[in-house]
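Novice: This structure is in structure tokens; I'll ask about it shortly.
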Amino acid sequence: VGMIAGCQKAELVQMLPAEDIVAPVLADLPESIVITPKNMAIDTVEFVWTKADFGAPTQVTYAIEVSEANGDKKAVISSGITDTTAVLLYEAINVALYEGLELPDGVASAVNFYVSAYTGESAKVYSAPVAVTATPTAAEKTYPMIYMPGSYQDWKPDQAPAKFQVLYDFT
């Protein structure tokens, strides 16, 4: 039995040629996204897309990207996604719009959102663009933080918002 099993060749998994790969299809998004300092850490956008087909049962990794309407600049919003849906805070989108694409603060601009798909063995394929009017803000990113109670406020954590020190996580 060992000799017979040892003579069999392992099945070769063949990926489709690049021109035959079926790209993901990104569902419609809101027509307009207006990001402000007050809503950027609260509001979200849900991205939903169909699976890409590379012709073989393999792990597909997705990224959500955005570009200017003319396609000159492109920025990645989120990557390493293995599902076909992602919910992103306005804040993550704002970083890509304001810092990545360098769009002006408070000015509505036409942008295109894409989903890219790739495997370890293939070239990246892109969904068709979904056009959106987006207004970024120059507001500082909201960093995670914790209140630091101490003897300066008599070790009363309930008084932290009135008299406090905070520790921020800038990573």
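Novice: Quick one: would you say ALA75 is hydrophobic (A, V, I, L, M, F, W, C), at pLDDT 90 or above, within 17 Å of the chain's Cα centre (by Cα) and not in a loop (DSSP other than H, G, I, E, B)?
Specialist: So ALA75 passes the test.
Novice: Same structure again: Only one of these is under 27 Å from GLU140 (Cβ atoms) and either surrounded by fewer than 15 Cβ atoms within 10 Å (Cβ to Cβ) or in contact with a Leu (Cβ under 7 Å, 6 or more places away or on another chain) (or both): VAL76, VAL34, VAL115. Name it.
Specialist: Exactly one of VAL76, VAL34, VAL115 is under 27 Å from GLU140 (Cβ atoms) and either surrounded by fewer than 15 Cβ atoms within 10 Å (Cβ to Cβ) or in contact with a Leu (Cβ under 7 Å, 6 or more places away or on another chain) (or both), namely VAL76.
Novice: Out of everything in the stretch 42-72 that is more than 23 Å from ALA131 (Cα to Cα) and in contact (Cβ under 8 Å) with a residue 60 or more places away in the chain, what residue ends up being least open to solvent (accessible area, probe 1.4 Å)?
Specialist: This residue is PHE54.
Novice: Among (1) modelled with pLDDT under 95; (2) buried (at least 18 other Cβ atoms within 10 Å of the Cβ), where does VAL130 come up short?
Specialist: The number of the failed condition is (1).
Novice: Sort out which residues of the stretch 24-51 are modelled with pLDDT of 95 or more, among the small types (Gly, Ala, Ser) and assigned to a loop (DSSP other than H, G, I, E, B), and write them in order of number.
Specialist: Across the stretch 24-51, the qualifying residue is only ALA27.
Novice: Here's another thing I want to ask about it. Of all the residues that make up the stretch 75-100, how many are more than 13 Å from ILE35 (Cβ to Cβ) and either free of Cβ contacts under 8 Å to residues at least 40 places away in the same chain or touching a Phe, Trp or Tyr at 6+ places or on another chain (Cβ under 6 Å) (or both)?
Specialist: 12
Novice: Just the residues that are loosely packed, with under 15 Cβ neighbours inside 10 Å and assigned to a strand (DSSP E or B), please, taken from the stretch 79-107.
Specialist: Going residue by residue through the stretch 79-107, those that are loosely packed, with under 15 Cβ neighbours inside 10 Å are 79-80, 82-83, 85, 87, 99, 102, 104-107.
Correct list: SER79, GLY80, THR85, VAL87.
The values are calculated or read from the model by the stated rules, or taken from the named source; none is laboratory data. Keep in mind that this is a model prediction, so the values were computed, not measured. No Cβ is skipped: glycine too gets one built from the backbone with ideal geometry, and neighbour counts run over all protein chains shown. Note: areas computed on protein heavy atoms with side chains; ligands, DNA, RNA excluded. Shrake-Rupley method; radii C 1.70, N 1.55, O 1.52, S 1.80 Å.
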